[in-house]
Amino acid sequence: MDSLLKHMVDMTGHRDHTMLDISVISAVQELARASQTRVLTLAQVRGQTFVRARASIETGRPARMEESPDPASPGEPLSNYPALAHCIARHELNADMEDAEGRHTLWLPIWLGDKASTCLEIVHPTPYTSETIHIIGGIVSVYRNFQNLLDYSERDSLTGLLNRKTFDDQLAKMQQASHAEPDGLTLPPGEPERRQHCEEERQWLAVVDVDHFKHVNDRFGHLYGDEVLILIANLLQSSFRAQDRVFRFGGEEFVVLLRSTTLGNARRIIDRFRMNVEQHDFPQVGKVTVSVGFVSISSYEAPVVVLGRADQALYYAKSHGRNMSCHYDELVSGGLLHAIESNDTAEFF
């Protein structure tokens, strides 16, 4: 009981989706004595549901955020998980499956109304007892309620991305982490874009703007314009890493906070997203492109300064051909952009 109460206190103390995910799988892993617990994202892309892991924990290992091996992919088709697919189709509370080796997998969709965009997956070497399922059900109920509260306060209603009012808090966290490991999370080892100590790692801010978006609204109407924004939001989420943060600032403007990486990797990640948009076929509209301005984040500068510099780089990209990404410091050092001093309260333009 003490352990359960401790986990409940930990879960309810967070105001961040990432830390809430870490807390819930840590609680379930310990209380259910599971061999593996994962948080799965259920994403709709062109009418098809895909499954992608966003956090996991295994016996003897710390909880960690997950990254897709192919960031451009929305994940595995839900049809690869027939028991879960049947559960989702019937709006059931859970699904259980035993594999050929006798391991049991329990799925618990997190229902918010009639939709489930998140699911817990728990792997256990033996069948689940009714007591274990009861405890897990209570944890899921608390998790669902907090997911709902965070989504309501933090998310843009159209795209599901983080909204502008959460930006200041997230940027402050990144400024605090500019000389330390981000959020103290253990990230999976491996890909070169995550850890290259031969080049200085920094935090980055990128401003994304949809090119000629007014033309899309004027020609095709606002319904298709909204669909373009939703699809670009999906491409943002699949192109950037699990530890990065993506915001809709309003209209056709988005902001991305990239956590600890090098300039070379930041550029590759941003250009990967830009090319994913360029290569995407938007229904009715056809081809759409985006322009991006980005800058490194300093812990000593006010948010308005950092954001203003990224805006300057974006403005340069928009006025020099569009469908390109520009780094503020490179533009300044190359004499293509003049640095503008700020009093920390004024906008740049």
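The values are calculated or read from the model by the stated rules, or taken from the named source; none is laboratory data. The structure displayed is predicted, hence computed values, not measured ones. For neighbour counting, all protein chains shown are included, and Cβ atoms are generated from backbone atoms with ideal geometry for every residue, glycine included. Calculation scope for accessible area: heavy atoms of the full protein, side chains included, ligands and nucleic acids excluded. Shrake-Rupley method; radii C 1.70, N 1.55, O 1.52, S 1.80 Å.
Residues that are among the acidic types (Asp, Glu) and surrounded by 15 or more Cβ atoms within 10 Å (Cβ to Cβ) within region 196-243 comprise Glu201, Asp209, Asp211, Glu227, listed in sequence order. Tallying residues that are open to solvent by 30 Å² or more (accessible area, probe 1.4 Å) and either in contact with a helix residue (DSSP H, G or I) (Cβ under 7 Å, 6 or more places away or on another chain) or within 22 Å of Lys214 (Cβ to Cβ) (or both) within region 256-275 yields 2.
In region 69-84, is there at least one residue being closer than 15 Å to Ser35 by Cβ and out of contact with any Pro (no Cβ under 7 Å at 6 or more places or on another chain)? Scanning region 69-84 turns up no residue that is closer than 15 Å to Ser35 by Cβ and out of contact with any Pro (no Cβ under 7 Å at 6 or more places or on another chain).
Yes or no, residue by residue, for (1) touching a residue at least 60 places away in the same chain (Cβ under 8 Å); (2) touching a His at 6+ places or on another chain (Cβ under 9 Å); (3) open to solvent by 40 Å² or more (accessible area, probe 1.4 Å); (4) among the small types (Gly, Ala, Ser):
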{"site": "Phe282", "(1), (2), (3), (4)": "no, no, no, no"}
{"site": "Val285", "(1), (2), (3), (4)": "yes, no, no, no"}
{"site": "Val288", "(1), (2), (3), (4)": "yes, yes, no, no"}
{"site": "Val292", "(1), (2), (3), (4)": "yes, no, no, no"}
{"site": "Ile297", "(1), (2), (3), (4)": "yes, no, no, no"}
{"site": "Ala302", "(1), (2), (3), (4)": "no, no, no, yes"}
{"site": "Val305", "(1), (2), (3), (4)": "no, no, no, no"}
{"site": "Gly308", "(1), (2), (3), (4)": "no, no, no, yes"}
{"site": "Tyr315", "(1), (2), (3), (4)": "no, no, yes, no"}
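Of all residues in region 285-317, those satisfying the criterion of being more than 24 Å from the chain's Cα centre (by Cα) and of a type in the set (Val, Ile, Thr) are Val285, Val305.
If the condition is being more than 10 Å from the chain's Cα centre (by Cα), within 23 Å of His327 (Cβ to Cβ) and in a helix (DSSP H, G or I), then region 225-265 contributes Ile232, Leu235, Leu263, Gly264, Asn265. Does region 244-255 contain any residue that is surrounded by 14 or more Cβ atoms within 10 Å (Cβ to Cβ), of a type in the set (Asp, Glu) and within 29 Å of Ile22 (Cβ to Cβ)? Checking region 244-255: at least one residue is surrounded by 14 or more Cβ atoms within 10 Å (Cβ to Cβ), of a type in the set (Asp, Glu) and within 29 Å of Ile22 (Cβ to Cβ). Of the strands (runs of 3 or more DSSP E) contained entirely in region 87-168, those carrying at least 3 residues that are open to solvent by less than 20 Å² (accessible area, probe 1.4 Å), modelled with pLDDT of 90 or more and within 23 Å of Glu66 (Cβ to Cβ) fall at 104-112, 115-124. Can you find, within region 187-224, the residue that is modelled with the lowest pLDDT among those that are aliphatic (A, V, I, L, M), more than 19 Å from the chain's Cα centre (by Cα) and within 18 Å of Gly160 (Cα to Cα)? Per the stated criteria, the residue is Leu223.
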